[in-house]
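To start, the structure under review is shown below, and the notes come after it.
The values are calculated or read from the model by the stated rules, or taken from the named source; none is laboratory data. This one's a predicted model, so the numbers in the text were calculated from it and none came from an experiment. Here the Cβ positions follow ideal geometry from the backbone for every residue, glycine too, while neighbour counts run over all protein chains shown. Remember, those area values only see protein heavy atoms, side chains included, never the ligands or the DNA or RNA. Shrake-Rupley method; radii C 1.70, N 1.55, O 1.52, S 1.80 Å.
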Amino acid sequence: MNDELSLAGLHLGRHQIDLGCLRAGTMLGLMGSTDSTTEVVLSVAARADVAPPPQFPTGIRSGLKRVRRWVRTHLREVDAGSGEAALAQACSEFGVRPDVLKRRIGELDASERAKLGLAVAWASGSTWLTFIDPFAGVPGHARAGLRGRLADLAAAHGRGIVFSSNTLTDFTVAEAGVADIENGELVAFGTVEQVVSEPRGSLPAELSGVNVYSGLARKGWLSIGHSAVKARTELDGKVFVTLGWRSALLSLDEHDEAFTSAAVFEAIVIGLRDRGSCLQAKLSPVDTEMGLALDVDLADLAGVSGTRSVLEAQSGSVALGVSGARGGFGILHPSLGGSLPELRANVKVGTHVFVEVDTSALHAYSVE
C-alpha cells in the first residue's frame, strides 16, 4: 500500500496548486474562502482511491430523508464493500447512537450530524479521506473531543485526511500542515503556527486577532503605505506587518494626556461588531498619510479581571475589572466612556476618534 498521496496539481479556479504529499496517518487542514477550500477538497477527492467527503442532502425535503438510506447511498457511491459490521464499528468509534440510523436527517442536531459524517467516511475503509468543515456547528466541549478522536484514529490506523474549517482550534490536529486559500489563490502553506503567527491572508489574521498590512522596510525604518506610523526594523525590502487588536489607544480627545507620542491620528468608526466576548470597532483614517485602517477591541466582557488596556499598561494602574480601575467593567479605552452604557452612547458608526498606535507591537516579516 502506498503510504503517501500526492497533492500536486490540485485544481483551484484556473490555476493549479501544489500542497506536497500527504502521509498516511496525518491530517492536512484548509482555511480560507469557503468556495476555494471546498474546490480544493473536491479536487483531492477526485484522485484515485480517495473517498469523497460525506455531504448531507440539501433542499426543502432533504430533511425528511431517512439517515440509513443516505448512509447506504454514500457508501455505494464510494464503492465501499464495508458492510454493516464496519459501519457499526465506525459508529461505535465516533459515538453514534444506534437510534440515529433510524431517524430522519432533519431530526439530527449538529453534533449528531458531525459524528455520523465521520463514521460513514471511516466505514468506507479508504486510506485517504476528505471532509468539508466536518465539525461545523458542534459546541466547543464536544468539538475538541470529536476532533481529537478523529486524529487519534487516523494516526493509529494509517489514514490520511484532508479537511476544511474556518475555526482556528480545528487546525491543532493538522500535523501535515495548514493551507490558507483565499479568493482563488494559495496564500500560505506551513504549520498552523507559521500560518497564523505570520499571516499572509485575511482569515489567519482574523483568527489570530491582528490587523495585517503590506509594508516596506528600508534604511532601518518600517513603513506601512504612506502612513506616518513607523517603527525601527532590521529587515529590508517588502514585508507584511501585523498589529494586534489591542495595540492601539483610542480617545475622543485629540489632546488626551494618555497619549505619549506625537503620532496620533484621527479616524472614523465605520463599523461595530461583536466578536466573541468583545465589542469591536472598524476604523478608517481621515488622512491616509497619517493613519491606518484597523480593527480595535473596545470592550471585553470575559476575563476582564486579567486584561489590561494600553493606558493601564503605560500607567501601571490596576487590571481591568478590579475595583478602582479607571475604565470600569470591561472597558479597554477609558477615554471613550467610563462604563459600557457610556461607551455605547459615545461610540457609534460615524464617530470621530483619535488613535495612538503602539509601534513596539508592530510585527514585521518578509514577504518571501
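General observations
- Any hit, region 85-102, residues being in contact (Cβ under 8 Å) with a residue 24 or more places away in the chain, over 33 Å from the mean Cα position of the chain (by Cα) and surrounded by fewer than 18 Cβ atoms within 10 Å (Cβ to Cβ): yes
- Within region 19-38, considering residues that are within 23 Å of the chain's Cα centre (by Cα) and within 17 Å of G160 (Cα to Cα), the one surrounded by the fewest Cβ atoms within 10 Å (Cβ to Cβ): G20
- Screening A228 on (1) in contact with an Asp or Glu (Cβ under 8 Å, 6 or more places away or on another chain); (2) in a strand (DSSP E or B); (3) over 28 Å from L7 (Cα atoms) shows it passes everything except condition (2).
- Residue check, L336 modelled with pLDDT under 95 and on the phi < 0 side of the Ramachandran plot: no
- Top-ranked residue in region 70-84 [being of a type outside the set (V, I, T) and surrounded by 13 or more Cβ atoms within 10 Å (Cβ to Cβ); ranked as modelled with the lowest pLDDT]: A80
- Scan region 240-274 for residues that are free of Cβ contacts under 8 Å to residues at least 12 places away in the same chain and either under 21 Å from A345 (Cβ atoms) or not aliphatic (A, V, I, L, M) (or both) and the total you get is 4.
- Qualifying residue in region 37-50 (condition: outside any strand (DSSP E or B), modelled with pLDDT of 95 or more, at positive phi and not aromatic (F, W, Y)): no
- Test: S92 is more than 22 Å from E77 (Cα to Cα) and of a type outside the set (A, V, I, L, M, F, W, C): yes
- Restricting region 326-368 to residues that are small (G, A, S) and in a loop (DSSP other than H, G, I, E, B), the residue that is surrounded by the most Cβ atoms within 10 Å (Cβ to Cβ): G327
- Selection over region 248-275 of residues that are modelled with pLDDT under 95 and open to solvent by less than 20 Å² (accessible area, probe 1.4 Å) gives a count of 1.
- Cβ-Cβ contacts under 8 Å between residues 6 or more apart (or on different chains), taken from a first residue in region 286-298 that is of a type in the set (S, T, N, Q) to a second residue that is in a loop (DSSP other than H, G, I, E, B) and surrounded by fewer than 22 Cβ atoms within 10 Å (Cβ to Cβ), are listed as T288/G225; T288/H226; T288/S227.
- Some residue of region 102-124 being assigned to a strand (DSSP E or B) and either at negative phi or assigned by the TED database to the domain that holds E77 (or both): yes
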